[in-house]
Each structure stands twice: as structure tokens, then as C-alpha cells.
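J.: Shown below is the structure under consideration.
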Amino acid sequence: GTALIVRSAVLGADGEGLRLHHELAARDTGVLAATFVHRVSPLDEGGVRAPLSDRLVAAAQDLALPTPLPYAATRTISLDADLAASSPSLDEVRARRLAVRRERLVTADECDAAGRYIPEMAPMLVWGGAPVRPDSGPWLEEMPGGELMGWASMETRIQTRRLPRLGERVQSFGATVALHDKVTHRVHWCFDVEQGELLVGFEIVNLAFDTRSRRPMRIPDGHAHRERATLQPDLAPRPGL
């Protein structure tokens, strides 16, 4: 029932696209609910990235904020890291047995009438399809201490390298790259498995959360043990790439 307002601003522009800021805040109190940074570029009729015109670059730069927004800075995920450049290869994620979803064909529900993948559906390249381990557990779990534990997504990031077309065969993989007392940091990748080409990289920071008391909680020992057994810290995106 919370009424929200949306505020947006241009952060910058160059030939490769626009950088935009959006934020959600409670209308009555002004308390921030979430912030977003989007790096967007035009696509041509074939779905390939196109340069931003000089006219639009100049207009966007005239509108850009003169200073950054420190309150919107990320805490764990680095926007300076290149998910594509630091991604493992398809052969490596297969060798490490990191598959999260089974191989599948891109469906018509994900594409426009011309068979081009719908850009706003890009997260489904990671989350769509049948899970490799269907017994991964419920979304909410009763804990011995009376907590009803779920996972709150505190930070997410997706970087699109290329969007597939109808009928292409894809598969998503993922790994926990850092584990803390209350937080997990995971990275996911979706590949065109016929070409071995990375399509998207996805990063997510999840907080263990007691949905009854509406508070963060310590990750239970059983969960932490399973995460620790498959931890892949060397696959964390590296800033500066």
C-alpha cells in the first residue's frame, strides 16, 4: 500500500549509449526504496547495437547531472567491472558443473513478431527453463527458531552482450562467488550453447531475511555449508576490465 514516486536523471552519454539514473521513494516520507542505473544503447532492425547520434549525445550531456549521486552507490557489486570480459568460457562452466537451468530453445513468448528477443525479457535468459536441481527447496522455509526465511535481493546487475533469436539454444550457469554471515553474492551467465557465445551476465546479492519479523538474519548453518562447498571466488567479476 505504500505510495511511491519515481525520479529520473541523465548521468551521461557517449557514442555507445546513455547512462540513466532512476529512483523509487515513498511519496509521504521521501524514504528511498530502490535506485537503478541503466546503460542503454540503440538497436538496429536486426537487433544489433547501433551508435548514438552526435545530436542525442550532445542533448543528453546538456541534461546530465553535474555531480554523482553518492547515496545511490552500490555496496557490493561494482559497476566498473565488465561481466563479459571476466566471464568464464562455456567449456569451463560445464567442467565445473555450474549449470543452473537445462538447455532449452528460445521460445516465441520471449520474442517479437520478427523473432527478435524482447530486451526487457533478458533476465529470463538466466532464470527461464527447467532447473537442473528441481529439489532446491521452497522459496520460504520454516527455521527451528521460528523464523520464516526467504531471500531479499539487495543488489542486482545484468549486462547484455547479445540477445538471441527465436529457436536458438541457450543455457544458464551460476556460482556463488562470496559468502558472508547474512549475504550471498552470486554471478550467472547465459550462453548460446551452439556457438559457445556469452549472451548475458547477471550478478545478484541476496540477504537472508526473516519475513515474519521483517529483519535480516544469519544464514543457517546448513545453507552456509552447501554454499561453501561450491564456492567459486575466482569467478567474481574484476573491476577495471
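The values are calculated or read from the model by the stated rules, or taken from the named source; none is laboratory data. Remember, it's a predicted structure, so these values are computed and weren't measured experimentally. So basically every Cβ, Gly included, is an ideal-geometry build from the backbone, and we count neighbours across all protein chains shown. When the accessible area is computed, the model is the full protein with side chains, heavy atoms only, and any ligands, DNA or RNA have been set aside. Shrake-Rupley method; radii C 1.70, N 1.55, O 1.52, S 1.80 Å.
J.: The conditions are (1) at pLDDT below 90; (2) in a loop (DSSP other than H, G, I, E, B), and Arg97 fails exactly one of them. Which is it?
T.: Failed condition: (1).
J.: Also: Can you pull out the residues in the range 21-68 that are part of a loop (DSSP other than H, G, I, E, B) and hydroxyl-bearing (Ser, Thr, Tyr)?
T.: From the range 21-68, those part of a loop (DSSP other than H, G, I, E, B) are 27-31, 41-42, 44-48, 50-53, 64-68; that's our starting set.
Selection gives Thr29, Ser41, Ser53, Thr67.
J.: If Val170 meets every condition in (1) more than 13 Å from the chain's Cα centre (by Cα); (2) farther than 30 Å from Gly115 by Cβ; (3) assigned to a strand (DSSP E or B) apart from one, which number is that one?
T.: Val170 satisfies every listed condition except (2).
J.: Among the numbered conditions (1) open to solvent by 90 Å² or more (accessible area, probe 1.4 Å); (2) in contact with a helix residue (DSSP H, G or I) (Cβ under 8 Å, 6 or more places away or on another chain), tell me where Leu32 comes up short.
T.: Just one mismatch for Leu32, condition (1).
J.: Looking only at the range 140-176, how many residues end up being of a type outside the set (Gly, Ala, Ser), open to solvent by 10 Å² or more (accessible area, probe 1.4 Å) and within 27 Å of Leu79 (Cβ to Cβ)? Break it down into steps so the answer makes sense when it comes.
T.: Of the range 140-176, the ones of a type outside the set (Gly, Ala, Ser) are 140-144, 147-149, 151, 154-166, 168-171, 173, 176.
Now narrow it down to the ones that are open to solvent by 10 Å² or more (accessible area, probe 1.4 Å): 140-144, 147-148, 151, 154-163, 165-166, 168-169, 171.
Applying the additional criterion that residues be within 27 Å of Leu79 (Cβ to Cβ) yields 151, 154-163, 171.
Result for the range 140-176: 12.
J.: In the range 197-241, which residue that is in contact with an Asp or Glu (Cβ under 6 Å, 6 or more places away or on another chain) and not in a strand (DSSP E or B) is least open to solvent (accessible area, probe 1.4 Å)?
T.: Met217
J.: If I filter the range 85-104 down to residues being of a type in the set (A, V, I, L, M, F, W, C) and in contact with a strand residue (DSSP E or B) (Cβ under 6 Å, 6 or more places away or on another chain), which single residue comes out as surrounded by the fewest Cβ atoms within 10 Å (Cβ to Cβ)? Break it down stepwise before answering.
T.: Taking the range 85-104 and keeping what is of a type in the set (A, V, I, L, M, F, W, C), we get 85, 90, 93, 95, 98-100.
After this cut, where a residue has to be in contact with a strand residue (DSSP E or B) (Cβ under 6 Å, 6 or more places away or on another chain) as well, the list is 90, 93, 98-100.
On the way: Leu90: 18, Val93: 24, Leu98: 21, Ala99: 16, Val100: 21.
Filtering the range 85-104 for residues that are of a type in the set (A, V, I, L, M, F, W, C) and in contact with a strand residue (DSSP E or B) (Cβ under 6 Å, 6 or more places away or on another chain), the one surrounded by the fewest Cβ atoms within 10 Å (Cβ to Cβ) comes out as Ala99.
J.: For the range 1-21, name all the residues that are open to solvent by 50 Å² or more (accessible area, probe 1.4 Å) and of a type outside the set (A, V, I, L, M).
T.: Looking only at the range 1-21, we keep the residues that are open to solvent by 50 Å² or more (accessible area, probe 1.4 Å), and these are 1-2, 4-8, 14, 16, 19.
Across the range 1-21, the qualifying residues are Gly1, Thr2, Arg7, Ser8, Asp14, Glu16, Arg19.
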